[in-house]
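Asks: Just dropping this structure here.
The values are calculated or read from the model by the stated rules, or taken from the named source; none is laboratory data. From a predicted model like this one, the values you see are computed outputs, not experimental measurements. Cβ placement follows ideal geometry from the backbone for every residue including glycine, while neighbour counts extend to all protein chains displayed.
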Amino acid sequence: MSSQRITLLVAIGSLLAATAFGQRPATAGGPLNGLTPAQLAAFNAGLEEFGEEEDVLDGLGPVFNERSCAACHSVPAVGGGSERTVTRFGKMTNGLFDPMTQFGGSLIQDHAIGPDDVAGLHQFVAETVPAAATIVTRRRTTPLFGLGLVDAVPDADFIALAAKQAARGDGTAGRVSIVADVVHGGTAVGKFGWKAQVPNLMQFSADAYFNEMGITSPLFASENCPNGNCAELAFNPAPALNDDGAGVIAFNDFMTMLAPPQPAQGRDNRQGEKLFGTLGCASCHVATLTTGRSEVAALNRKTFHPYSDFLLHDMGSLGDGIVQGAATGREHRTAPLWGLRAVTRYLHDGRAATLEQAILAHDGQGKASRDRFSALDSRERSRLLAFLNSL
C-alpha cells in the first residue's frame with residue numbers, strides 16, 4: 001500500500017476519532033465510546049504512530065515485512081485486517097517441531113533494507129523459506145477492532161470458560177493457552193494471534209514492531225538475524241535500541257481504545273443466529289464476554305460480543321503444523337467473528353474465498369458442526385450466512 005493511501009486512511013481515522021467523543025462510533029476505526037479527553041488524545045496519538053512509515057533512521061529492518069502497521073491493518077479502516085499474509089515455516093525433527101531458527105525461522109521477513117533506502121548502505125537479503133523446511137504456511141492479517149475489551153477480560157474468566165466447556169463432555173472443549181508474559185513477568189493466558197501466543201496488547205505491540213518492522217524496543221531488544229546469519233548484523237545501520245518504548249506504548253493505546261465492530265443495523269437475523277447455536281458453532285464462537293475492572297471507564301465491566309472463546313482448539317487437518325506458544329501444530333485460537341462482514345478472505349491462511357468454503361473446511365473439534373452445516377437445505381444455509389454477514 002502506498003504511503004499516500006496510508007496517510008489518507010490515518011487522516012480519515014483521526015477525523016472519526018476527533019468527532020466521536022461521547023458518541024458510539026458509526027464506522028470502523030473509531031475510538032471506544034466514553035473516553036476522557038486525555039484518553040482520546042492518546043488514541044489519536046497512537047493512531048498517528050500506527051500509520052507512520054518507518055525508515056532506516058528509525059531502525060527499520062534489516063529485514064522486515066512492512067514499513068508501517070497500517071500497511072497491513074487497513075480494511076475497512078486503519079486497525080482492520082487485510083488480505084496481506086506472512087509466511088511461517090519449520091520441520092519435524094525426531095517427532096518435535098523445529099522452527100529452524102538457524103535459518104531465521106519460523107517467521108519470514110520478506111523485505112530488506114539496502115542502497116535504495118540509504119546510498120551506500122549494505123544490501124541485506126530478504127528472507128526465504130529454506131529448502132529443508134517441510135512445513136510452510138501462510139498467516140492472514142486479522143482486524144484489531146475491540147481488542148482492548150478482550151485484553152480487559154480477567155485470565156480467570158478464560159480458565160473458567162475452558163473448565164465449563166470441558167464439563168459439557170461433547171468433545172469441543174477449548175484449552176487455555178498459557179504463555180510467557182514479557183511485560184509483567186511469569187506466565188499469563190494467551191489471547192492474541194492465530195495461536196493465542198500473546199497474552200496482552202502491550203506485548204502484541206512490541207512483538208509486531210520487532211518482528212514485522214524490525215524495530216527493537218525494551219521488550220524485544222535484540223535484532224533478528226537475517227536468514228539466521230547473525231554476521232550480517234555487523235552492517236546494521238541502527239544497532240542501538242530503536243524505540244525507547246514510546247512507540248510501543250502508542251500502539252498499545254491505539255489498540256486498547258479502538259472500538260469493536262458494530263453489527264449491521266436494520267436486519268433481522270434471529271433465525272440464522274438460532275441455527276448458529278443449533279449447529280454447535282457457539283460452542284467455540286462464544287457470543288458474549290464481560291471485562292473485569294479497568295482504570296479506563298470505557299473498558300470497566302463491559303459486556304461485548306466477539307463470538308470467540310479465545311481458547312485453543314484442535315482443528316485437525318485445518319491446523320497449520322506450526323507449534324507456537326502453547327499451541328500444537330493442530331491447534332488454533334478460535335477466530336473472533338465480530339466484524340466478519342468486512343473480511344474478504346477467510347481462515348488463517350486466507351484459503352477460503354467464501355464463508356461457506358470456510359465452514360466446510362472445519363475439521364477436528366469443528367467437524368461435527370461442519371457436518372451439520374452440510375446437511376442444511378439451501379434456505380437454512382442462506383439464513384445462517386445472512387447472520388454471519390451481519391456481524
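Asks: Looking for whichever is in contact with a Pro (Cβ under 7 Å, 6 or more places away or on another chain) and over 24 Å from residue 51 (Cα atoms) here; the options are 125, 136. Which one fits? Steps first, please.
Replies: Numbers: 136 fails: in contact with a Pro (Cβ under 7 Å, 6 or more places away or on another chain).
Going through 125, 136 in turn, just one is in contact with a Pro (Cβ under 7 Å, 6 or more places away or on another chain) and over 24 Å from residue 51 (Cα atoms): 125.
Asks: Going by what's in this entry, would residue 235 be described as touching a residue at least 24 places away in the same chain (Cβ under 8 Å), surrounded by fewer than 22 Cβ atoms within 10 Å (Cβ to Cβ) and among the aromatic types (Phe, Trp, Tyr)?
Replies: When the stated conditions are applied, residue 235 passes them.
Asks: Given the conditions (1) within 25 Å of residue 177 (Cα to Cα); (2) modelled with pLDDT under 95, which single one is not true for residue 269?
Replies: (1)
Asks: Any residue in region 106-118 that is in contact with a Ser or Thr (Cβ under 8 Å, 6 or more places away or on another chain), modelled with pLDDT of 95 or more, outside any strand (DSSP E or B) and under 23 Å from residue 335 (Cα atoms)?
Replies: Yes, some residue in region 106-118 is in contact with a Ser or Thr (Cβ under 8 Å, 6 or more places away or on another chain), modelled with pLDDT of 95 or more, outside any strand (DSSP E or B) and under 23 Å from residue 335 (Cα atoms).
Asks: Any residue in region 141-159 that's more than 12 Å from residue 305 (Cα to Cα): show its pairings with residues that are at pLDDT 95 or above and in a helix (DSSP H, G or I) at Cβ separation under 6 Å, as long as the two are six or more apart or on different chains.
Replies: 144/255; 148/256; 148/299; 151/201; 152/299
Asks: Report the residue count in region 336-391 for those that are of a type in the set (Ser, Thr, Tyr), in a helix (DSSP H, G or I) and in contact (Cβ under 8 Å) with a residue 24 or more places away in the chain.
Replies: Final tally of qualifying residues: 1.
Asks: While we're here: Confirm whether residue 118 is touching a Pro at 6+ places or on another chain (Cβ under 8 Å) and buried (at least 23 other Cβ atoms within 10 Å of the Cβ).
Replies: no
Asks: When you go through (1) within 26 Å of residue 316 (Cα to Cα); (2) touching a strand residue (DSSP E or B) at 6+ places or on another chain (Cβ under 6 Å) one by one for residue 170, which number turns out not to apply?
Replies: It fails just one condition, (2).
Asks: Being at pLDDT 50 or above and surrounded by fewer than 14 Cβ atoms within 10 Å (Cβ to Cβ): is that true of residue 31 here? Don't jump to the end; show me each part of the working.
Replies: Numbers: at pLDDT 50 or above: yes; surrounded by fewer than 14 Cβ atoms within 10 Å (Cβ to Cβ): no.
Criteria not met by residue 31.
Asks: Return the residues of region 53-68 that are buried (at least 19 other Cβ atoms within 10 Å of the Cβ), of a type outside the set (Lys, Arg) and touching a Ser or Thr at 6+ places or on another chain (Cβ under 9 Å); say none if nothing qualifies.
Replies: Selection gives 54, 59, 68.
Asks: List every residue pair whose Cβ atoms sit under 7 Å apart, with the two residues 6 or more apart in sequence or on different chains, where the first one lies in region 204-232 and is more than 19 Å from residue 89 (Cβ to Cβ) and the second, anywhere, is charged (D, E, K, R) and assigned to a helix (DSSP H, G or I).
Replies: 215/58; 220/207
Asks: Looking at region 186-197, is at least one residue surrounded by fewer than 18 Cβ atoms within 10 Å (Cβ to Cβ) and at pLDDT 95 or above?
Replies: Scanning region 186-197 turns up at least one residue that is surrounded by fewer than 18 Cβ atoms within 10 Å (Cβ to Cβ) and at pLDDT 95 or above.
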